[in-house]
Amino acid sequence: MVLDSNSLSKFGFIERGPKDFINIDPLQTGGKLTPEAQKALKEWGDGYSICDFCPGSLDIIKQPPIKDFIHEALPEFLGVDGARITNGAREAKFAVMHSIANEGDCVVVDGLAHYSSIVAAQRARLNIESVEHNGNPDYYIDPEAYGRAIEKVISESGKPPALALLTYPDGNYGNLPDAKKIASICHEYDVPLLLNCAYSAGRMPINAKEIGADFISVSGHKSMASSGPIGIVGVNGDYVDTVFRKSPTHPVKEIEFLGCTARGATIMTMIASFPAVVERIKHWDEEVANARWFSEKLEGLGLIQVGDKPHNHDLMFFEAPVFYEISQKVKKGRYFLYKELKARRIHGIKAGLTKYFKLSTFGVDKEDLSYIVDSFEEIIDKYQDKF
Ligand SMILES: *Cc1c(COP(=O)(O)O)cnc(C)c1O
């Protein structure tokens, strides 16, 4: 590519496609910026903007008040002894795995785990033992299955796994397994538990200590109204010293975070949204009620919600035989649903999906949810009349 004015003209400021649609994309509902975070993004957008008064480590910057945020607010918010900022939930998981396990150790992971948990384990050179779920339609994880997986690792390798991981909730069905029970089963074998809260912390109340989790991973851009990439790792007990260990040659730099993670606007958007996030988790009951209401309405139209039922989270997975049948017959094929929703200013169901899809009702008010239900009904009626 020759970098002349012609080829460069497609770069520069780029507008972001259709705006102000109703958004039900699970990836995006919890990461929408608050007005405060939008302002912070502009204010702190310059590179290394937070480093004016850095004493050598991100977590002890007093101005802006990053130290208070990391050392006081986040531990209280998450129920952990220590917290650090990472560049995402996956970096949080990797930091834990890499610091507490040795090459060739095993990590026990729920069968619904996000790919980033698997890749993090691979990057840390760990082996993976999967914990079964009961498949369609519940995708239920029996806590006892953790005990069985741990015993299997012990019998095959002669030692317990270095870590167990539970996805809470998983990113497909939005299931919330019995984390407390799973933590206590893991602890019977002295296996620490990492709770992956990418889809929960920042949407619903999460307290790692109450659950009994030794570690938690959080995603700022997914669930804490932050501009990413940003996440949090929370650590309990003696593991604090291991995960947050410092460099022997550079005594203020923490090795696992390569000395420093968020170096500008991302953490300032998280801090800007934090008061609103603390407030919104108090309304989690309403979010769950909305999700259940929405699920019931869609089931009334012939869709089937799989996973926990009644559901306990805004992330839901639907099978939609009625849309699939239409897609087999219409000209636009499997893109018809996306196009129909787009025409109604609804965004978030992946283009081309009809047979099944996931969506999220988080932060979408009742009026908009009703509008979505009505739109689904309209689309079904429109095509069913045709055939
Ligand atoms: C989105 C997601 C992640 C990845 O989060 P990042 O912050 O982007 O690393 C991890 N786990 C689950 C379950 C997710 O849904």
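The values are calculated or read from the model by the stated rules, or taken from the named source; none is laboratory data. All figures in this text were calculated on a predicted structure; none of them were measured in a lab. A quick note on method: Cβ atoms are made from the backbone with ideal geometry, for glycine too, and the neighbour counts reach across all protein chains shown. Side chains included, ligands, DNA and RNA excluded: accessible areas come from the protein's heavy atoms. Shrake-Rupley method; radii C 1.70, N 1.55, O 1.52, S 1.80 Å.
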Suppose the chain between ALA276 and CYS260 were pulled fully straight at 0.36 nm per residue; how much longer would it get relative to their current alpha carbon spacing?
3.1 nm
Place the peptides 62-70, 378-386 in order of packing, highest mean first, counting for every residue the other Cβ atoms within 10 Å and averaging per peptide.
62-70, 378-386
Charge tally for neighbours of VAL330 with beta carbon under 13 Å away, counting Lys, Arg as +1 and Asp, Glu as -1, is +4
Over the range 31-280, relative contact order from alpha-carbon pairs under 8 Å, at least 6 apart, %
29
The long-range amide H neighbours of THR86, using H built 1.01 Å from N in the peptide plane and a cut-off of under 5 Å, are GLY231, ILE232, VAL233
Using helices alone, I'd like the mean residue ellipticity at 222 nm for the chain: each DSSP H run of four-plus residues gives -39500 (n - 2.57), total over residue count, nearest 500.
-11000 deg cm²/dmol
Accessible surface of ARG345 in the full protein assembly, 1.4 angstrom probe, to the nearest 10 Å²?
110
Burial ranking of peptide ranges 20-26, 312-318, 7-13, 98-104 (average Cβ count within 10 Å, highest at the top)
312-318, 20-26, 98-104, 7-13
Fully extended contour minus Cα-Cα distance, from ASP68 to ILE14, at 0.36 nm per residue
15.8 nm
Heavy-atom accessible surface of the chain: percent carbon and sulfur, 1.4 Å:
51
Accessible surface, per residue, of the chain when the full set of protein chains is kept, probe 1.4 Å, Å²
48
Over what distance in Å are the Cα centres of the range 116-136 and the range 316-331 separated?
31
Net lengthening on full extension, LYS152/ASP365 (0.36 nm per residue, minus Cα-Cα)
72.0 nm
What is the Cα coordinate range of the range 106-164 on the first, second and third principal axes, sorted by size from largest, in whole angstrom?
33, 25, 13
Taking Cα centroids, how far is the range 213-275 from the range 17-73 in Å?
13
Listed by chain and number, the residues whose amide H is under 5 Å from that of GLU129, excluding neighbours fewer than 5 places away on the same chain and using placed H, are VAL107, VAL108, VAL109
